[in-house]
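Notes follow the structure.
The values are calculated or read from the model by the stated rules, or taken from the named source; none is laboratory data. The structure displayed is predicted, hence computed values, not measured ones. Backbone-built Cβ (ideal geometry, glycine too); neighbour counts: all protein chains shown.
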Amino acid sequence: MTGETVLIAAFSARALAASARRAGYNPLVVDCFGDDDTIALAHAARCLPARVQVGFTARPLIAALESLVADAPSPPIGLVLGAGFECNPRLVAKLADRFRLIGNDAETIRRTKDPRQFFQVLDDLGVPHPETRLDAPEQSEGWLMKRIGGSGGLHIHNCPTTPRPDPRRYFQRCAAGDSISLMGLVSEQSAAFAASRQWTNPLPRRPFRYGGASGSLPLDEDLEARLIEMSLAVSEALSLRGIVSFDYLVQDGEPLLLEVNPRPGATLDVFDDASGTLFKAHVEASRGGDPASLLASDWHPPVARAAAFLYADRGALSVPAIQWPDWAADRPRAASTIGAGQPLATVIAEGLSVDEVQAACVQRLGALEILLYDHSNEKGALQ
């Protein structure tokens with residue numbers, strides 16, 4: 001147990017806070033949800049609003065982080081950023097002026113998420129990817145429109161017939177295949193990778209909304225070697241550090257790299273172990289250490305684990321006071337209101353195969369939805 005404090009900021013910081021706590025750190029957290037389990041995991045926490053399109057606002061975020069530092073039992077070792085910052089490298093640069101970043105700096109994030117630079121790097125390396133352009137195609141059919149720096153699949157749409165000019169958008173030709181993500185732990189000294197299968201939970205207006213992920217995914221040896229080789233080359237070219245993820249589509253053994261997320265993501269729930277080894281390795285990588293050696297000696301992930309998001313798709317919900325199942329996380333406060341279609345909770349399952357745990361997640365999503373909505377309706381009927 002280190003007993004050291006660490007700052008964490010993300011749209012949802014629960015998974016990072018849990019990993020940090022398992023690793024022996026005292027997490028100081030800023031996120032948008034303030035879920036019950038996040039608050040329980042954190043040594044101290046602040047809840048701030050943020051918009052998916054633009055992330056956090058600089059002044060209140062910095063003030064919240066500085067207030068956590070002022071009240072901390074010891075000086076934090078640094079600041080870990082989760083989802084919510086890829087769209088705003090300028091904010092990351094401002095944060096770096098005040099706090100030591102554990103992970104990628106603003107320039108690395110900008111290069112990774114700027115389609116002009118990122119896909120040029122892929123072309124220079126010979127890494128295959130779908131055709132990508134900044135201007136709208138003449139014929140929209142067969143093309144996607146994506147928001148730069150977006151996350152959770154909410155930034156991806158089928159290209160409209162006449163898209164409005166927007167410098168925050170780019171366009172990518174549709175491609176078929178299985179969605180495979182490689183979580184990487186990379187540093188100047190070493191790298192290690194683990195594969196997961198990802199799936200969507202689509203809505204008519206959000207056809208690529210993130211659904212969940214399962215791992216560890218068994219891959220053909222040749223395919224696995226190619227994915228690791230490409231991911232390692234991209235990591236070196238972009239100077240990536242710490243936990244990152246590489247999203248691929250694979251059809252008939254041929255991979256296409258879609259994007260890279262230069263921060264810890266949703267698969268932290270899938271791959272972390274009881275000792276928070278991934279968080280330790282993220283810190284080690286950011287210090288220029290050898291994360292692969294740490295994983296080889298200390299990392300003990302489950303045979304297979306999956307995590308999936310539950311959304312409020314049955315309508316806005318006043319969260320009832322329930323006995324939450326052990327396998328549910330990101331638990332909103334009782335009596336809080338969740339807007340229609342917004343993230344509601346996360347379900348997690350462990351087992352012996354990726355198919356088994358994915359099926360278990362589907363069953364648990366249904367059970368938790370019934371539990372939450374039926375209890376909410378019963379409460380409303382009594383009032």
Inset, instruction - Answer yes or no: is there a residue in the range 81-95 that is in a strand (DSSP E or B), in the same structural domain as residue 9 (by TED's automatic domain parsing) and buried (at least 21 other Cβ atoms within 10 Å of the Cβ). - result: yes
Legend entry - Single match in 281, 292 (criterion: touching a Ser or Thr at 6+ places or on another chain (Cβ under 7 Å), closer than 28 Å to residue 234 by Cβ, outside any loop (DSSP other than H, G, I, E, B) and not assigned by TED's automatic domain parsing to the domain that holds residue 353): 292
Inset, instruction - Would you be able to say whether some residue in the range 224-242 is assigned to a strand (DSSP E or B), crowded, with 22+ Cβ neighbours inside 10 Å and at pLDDT 95 or above? - result: yes
Legend entry - residue 46 vs. criteria farther than 19 Å from residue 324 by Cβ and out of contact with any Leu (no Cβ under 7 Å at 6 or more places or on another chain): no
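Each row is one residue, and each column tells you yes or no for (1) in a loop (DSSP other than H, G, I, E, B); (2) touching a Pro at 6+ places or on another chain (Cβ under 9 Å); (3) of a type in the set (Phe, Trp, Tyr).
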{"residue": "273", "(1), (2), (3)": "yes, yes, no"}
{"residue": "296", "(1), (2), (3)": "no, no, no"}
{"residue": "323", "(1), (2), (3)": "yes, no, no"}
{"residue": "326", "(1), (2), (3)": "yes, no, no"}
{"residue": "335", "(1), (2), (3)": "yes, yes, no"}
Inset, instruction - Spot the failing condition for residue 272; the list is (1) among the acidic types (Asp, Glu); (2) more than 26 Å from residue 202 (Cβ to Cβ); (3) surrounded by fewer than 21 Cβ atoms within 10 Å (Cβ to Cβ), and only one is missed. - result: (3)
Inset, instruction - Restrict the check to the range 27-46 and report whether at least one residue is farther than 20 Å from residue 338 by Cβ and among the polar types (S, T, N, Q). - result: no
Legend entry - residue 171, sole failed condition from (1) buried (at least 18 other Cβ atoms within 10 Å of the Cβ); (2) at pLDDT 95 or above; (3) within 27 Å of residue 354 (Cβ to Cβ): (3)
Inset, instruction - Test residue 149 against the stated conditions and say whether it is closer than 22 Å to residue 11 by Cβ, at pLDDT 95 or above and under 15 Å from the mean Cα position of the chain (by Cα). - result: no
Inset, instruction - Go through (1) more than 20 Å from residue 360 (Cβ to Cβ); (2) among the charged types (D, E, K, R); (3) under 20 Å from the mean Cα position of the chain (by Cα) and name the single condition residue 229 misses. - result: (3)
Inset, instruction - With respect to residue 363, determine if the residue is modelled with pLDDT of 95 or more and either under 22 Å from residue 210 (Cα atoms) or not aliphatic (A, V, I, L, M) (or both). - result: yes
Inset, instruction - Return the total of residues in the range 115-129 being in contact (Cβ under 8 Å) with a residue 40 or more places away in the chain and assigned to a loop (DSSP other than H, G, I, E, B). - result: 3
Inset, instruction - Give me the pairs, please: first residue somewhere in the range 15-36 and surrounded by fewer than 24 Cβ atoms within 10 Å (Cβ to Cβ), second residue anywhere and among the β-branched types (Val, Ile, Thr) and modelled with pLDDT under 95, beta-carbon distance under 9 Å, and either six or more positions apart or on two chains. - result: 23/2; 24/2; 26/2
Legend entry - Enumeration of residues in the range 195-217 that are at pLDDT 95 or above, closer than 25 Å to residue 292 by Cα and either outside the structural domain of residue 256 (by TED's automatic domain parsing) or surrounded by fewer than 22 Cβ atoms within 10 Å (Cβ to Cβ) (or both): 197
Legend entry - Hits in the range 75-107 (condition: at pLDDT below 95 and more than 17 Å from residue 17 (Cβ to Cβ)): 86, 87, 88
Legend entry - Yes/no for residue 326 being modelled with pLDDT of 95 or more, touching a Leu at 6+ places or on another chain (Cβ under 9 Å), among the charged types (D, E, K, R) and closer than 30 Å to residue 183 by Cβ: no
Inset, instruction - Output the residues belonging to the range 36-55 that are under 17 Å from the mean Cα position of the chain (by Cα), at negative phi and of a type outside the set (Lys, Arg). - result: 38, 50, 52, 53, 54
Legend entry - Selection count where residues are free of Cβ contacts under 8 Å to residues at least 24 places away in the same chain and either hydrophobic (A, V, I, L, M, F, W, C) or farther than 21 Å from residue 76 by Cβ (or both), scope the range 46-55: 4
